[in-house]
């Protein structure tokens, strides 16, 4: 067995060329779709992040049991079952909810795992005295009213360390996946789960991609729409 399981957090069907989307170019997905099977129907189990992962690990609906939470000690876990059967299971992810209260006990079911830091409000960069005045000029109050939303302040701090494309967690996840495939190209009996938080708000992307879809907007940063119930 040699399998690669890839997850993207918030893919929108209407944005994918293989499903008729034309607003943005998705050449890699389109090329993959030509060599794969695309599904016209998909029935959602449990959402959002960790409930969906519990569905995939256990094969049963998390929301029939409870809301957001960890794997339970009595849960059967797909990667753990593979591991017990002699398959090396490896997780590469920048999905920081795995490592906070309520999301724990998922990554430990894999034999090995890698965590890429920096997405959203991942408590990554420690900046005791952030440049508040500069942040106030850079980020729009419409999306970054940080006095009442400290998680958005942490995101601003994280972005100080994300400068070039290779720094972004998404590309870093793929770089680690390519390294895994290179390191294990001659091996058998492995399962790689590559899991990307993007595309997900905040919609922070390398500048070269933003330049392809100019809007004429020249104001402060607007890339994290507010949502609630």
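The values are calculated or read from the model by the stated rules, or taken from the named source; none is laboratory data. The structure presented is a predicted model; accordingly, all values stated were derived computationally and were not measured. Counting neighbours? That spans all protein chains shown, and the Cβs are built from the backbone with ideal geometry, glycine included.
Out of all the residues in the range 96-103, is one or more farther than 27 Å from residue 206 by Cβ and surrounded by fewer than 17 Cβ atoms within 10 Å (Cβ to Cβ)?
yes
Quick grid of which residues meet (1) free of Cβ contacts under 8 Å to residues at least 24 places away in the same chain; (2) assigned to a loop (DSSP other than H, G, I, E, B); (3) touching a helix residue (DSSP H, G or I) at 6+ places or on another chain (Cβ under 6 Å); (4) under 18 Å from residue 125 (Cβ atoms):
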residue	(1), (2), (3), (4)
162	no, yes, no, yes
178	yes, no, no, no
182	yes, no, no, no
188	no, yes, no, no
195	no, no, no, no
200	no, yes, no, no
205	no, yes, no, no
210	yes, no, no, no
219	no, yes, no, no
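Can you tell me which residue is modelled with the lowest pLDDT among those in the range 1-15 that are under 27 Å from residue 211 (Cα atoms), assigned to a loop (DSSP other than H, G, I, E, B) and in contact with a helix residue (DSSP H, G or I) (Cβ under 9 Å, 6 or more places away or on another chain)?
That would be 11.
Would you say residue 192 is more than 16 Å from the chain's Cα centre (by Cα), at pLDDT 95 or above, surrounded by 12 or more Cβ atoms within 10 Å (Cβ to Cβ) and within 30 Å of residue 1 (Cα to Cα)?
For residue 192, the condition - more than 16 Å from the chain's Cα centre (by Cα), at pLDDT 95 or above, surrounded by 12 or more Cβ atoms within 10 Å (Cβ to Cβ) and within 30 Å of residue 1 (Cα to Cα) - is not met.
So which residues in the range 1-35 are exposed (fewer than 10 other Cβ atoms within 10 Å of the Cβ) and within 20 Å of residue 193 (Cβ to Cβ)?
Matches in the range 1-35: 28 only.
Would you call residue 142 surrounded by fewer than 18 Cβ atoms within 10 Å (Cβ to Cβ), in a helix (DSSP H, G or I) and in contact (Cβ under 8 Å) with a residue 40 or more places away in the chain?
no
Let me confirm something: among 114, 120, which residue is in contact with a helix residue (DSSP H, G or I) (Cβ under 7 Å, 6 or more places away or on another chain) and on the phi > 0 side of the Ramachandran plot?
Exactly one of 114, 120 is in contact with a helix residue (DSSP H, G or I) (Cβ under 7 Å, 6 or more places away or on another chain) and on the phi > 0 side of the Ramachandran plot, namely 120.
Given the structure, is residue 67 buried (at least 17 other Cβ atoms within 10 Å of the Cβ) and either farther than 22 Å from residue 174 by Cα or in contact with a strand residue (DSSP E or B) (Cβ under 9 Å, 6 or more places away or on another chain) (or both)?
So residue 67 does not fit the description; no.
Looking only at residues that are out of contact with any helix residue (DSSP H, G or I) (no Cβ under 7 Å at 6 or more places or on another chain) and at pLDDT 90 or above in the range 40-54, which one is nearest to residue 100 (Cα to Cα)?
53
Looking at (1) surrounded by fewer than 18 Cβ atoms within 10 Å (Cβ to Cβ); (2) touching a residue at least 12 places away in the same chain (Cβ under 8 Å), can you tell me which one residue 120 breaks?
(1)
Scan (1) farther than 19 Å from residue 58 by Cα; (2) surrounded by 14 or more Cβ atoms within 10 Å (Cβ to Cβ); (3) within 21 Å of the chain's Cα centre (by Cα); (4) without any contact (Cβ under 8 Å) to a residue 60 or more places away in the chain for the single condition residue 78 breaks and write down its number.
(1)
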